[in-house]
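*Asks:* Next up is a structure, given as structure tokens.
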Amino acid sequence: MKKYLQAIPIIIYPYILITMLFLVTILNLRVDITLSTYITITIIYIVLLLILKMKELTEKDMVSVNLVIKLFQLPWFCISFMLEVFGFLMGIFGIPIVVILTIINISVRIINGIYSIGCVIKLRKNKIIGISKTILYSIGSFIIILDFISAIFMKIDVKRINKVE
């Protein structure tokens with residue numbers, strides 16, 4: 001259970017980010033400094049989490065957390081996609097919406113990708129996956145939809161290895 005609690009900042013990242021964007025706008029604060037600070041803090045948290053917990057967590061735990069992160073963020077990507085389409089259909093007035101959501105989605109991809117790469121490193125280090133899967137999972141970790149597929153296949157690879165042992 002503790003492994004999932006540590007992933008809460010990653011899971012809620014896009015939801016907090018969009019909430020912060022609205023609050024910062026309403027309060028007339030500097031959007032660029034506030035959001036870039038939050039993004040930086042989250043990236044540092046993930047890197048530190050991976051460095052400190054990589055040896056402690058098993059590969060099964062890591063891929064489980066990775067899959068949970070992706071599943072909890074799936075609603076965000078669906079809502080974001082609909083809003084981006086709406087912004088695109090609005091034409092010139094929707095361009096700021098599309099740009100802001102695109103920037104947020106890129107930052108979410110980076111945050112998710114960093115944790116996924118940690119999983120890939122753990123799987124490769126423990127010889128659960130070969131070099132070809134390492135490359136495919138690493139690239140897939142940063143591409144929408146492929147990240148879910150990669151997470152599922154990582155989970156399958158770990159289950160397959162655990163059944164053999």
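*Asks:* Step by step: first the residues of segment 120-165, then only those that are in contact with a Phe, Trp or Tyr (Cβ under 8 Å, 6 or more places away or on another chain) and touching a residue at least 60 places away in the same chain (Cβ under 8 Å), then the one that is surrounded by the most Cβ atoms within 10 Å (Cβ to Cβ). Which residue is that?
*Replies:* M154
*Asks:* Looking at K60, K3, can you tell me which residue is at pLDDT 85 or above and basic (K, R)?
*Replies:* Testing whether each residue is at pLDDT 85 or above and basic (K, R) leaves just K60.
*Asks:* Right, next: For segment 92-110, check the following and say yes or no: at least one residue is exposed (fewer than 14 other Cβ atoms within 10 Å of the Cβ) and modelled with pLDDT of 90 or more.
*Replies:* Within segment 92-110 (the criterion being exposed (fewer than 14 other Cβ atoms within 10 Å of the Cβ) and modelled with pLDDT of 90 or more), the answer is no, since none of the residues qualifies.
*Asks:* In segment 61-95, which residues are under 30 Å from Q6 (Cα atoms), over 13 Å from the mean Cα position of the chain (by Cα) and charged (D, E, K, R)?
*Replies:* Answer for segment 61-95, where residues must be under 30 Å from Q6 (Cα atoms), over 13 Å from the mean Cα position of the chain (by Cα) and charged (D, E, K, R): just D61.
*Asks:* Related question: For A151, all conditions in the list (1) touching a Leu at 6+ places or on another chain (Cβ under 6 Å); (2) more than 18 Å from S64 (Cβ to Cβ); (3) of a type outside the set (S, T, N, Q) hold save one; what is the number of the exception?
*Replies:* Result: A151 passes all but (2).
*Asks:* So, in segment 100-138, of the ones that are of a type in the set (S, T, N, Q) and not in a loop (DSSP other than H, G, I, E, B), which residue ends up farthest from I11 (Cα to Cα)?
*Replies:* Going residue by residue through segment 100-138, those that are of a type in the set (S, T, N, Q) are 102, 105, 107, 112, 116, 126, 132, 134, 138.
When the remaining residues are screened for being not in a loop (DSSP other than H, G, I, E, B), the result is 102, 105, 107, 112, 116, 132, 134, 138.
Working: T102: 18, N105: 14, S107: 13, N112: 9, S116: 13, S132: 28, T134: 24, S138: 20 Å.
My answer is S132.
*Asks:* Given the criterion at pLDDT 90 or above and closer than 25 Å to F22 by Cα, identify the matching residue among K127, K122, K70.
*Replies:* K70
*Asks:* Filter segment 22-76 for residues that are under 30 Å from D157 (Cβ atoms) and among the acidic types (D, E); which is surrounded by the most Cβ atoms within 10 Å (Cβ to Cβ)? It would help to see each step written out before you state the result.
*Replies:* First pass over segment 22-76, keeping only residues under 30 Å from D157 (Cβ atoms): 42-76.
Now narrow it down to the ones that are among the acidic types (D, E): 56, 59, 61.
On the way: E56: 9, E59: 21, D61: 17.
Across segment 22-76, the extreme among qualifying residues is E59.
The values are calculated or read from the model by the stated rules, or taken from the named source; none is laboratory data. Treat the numbers as computed from the prediction; the structure is a model and nothing was measured. A quick note on method: Cβ atoms are made from the backbone with ideal geometry, for glycine too, and the neighbour counts reach across all protein chains shown.
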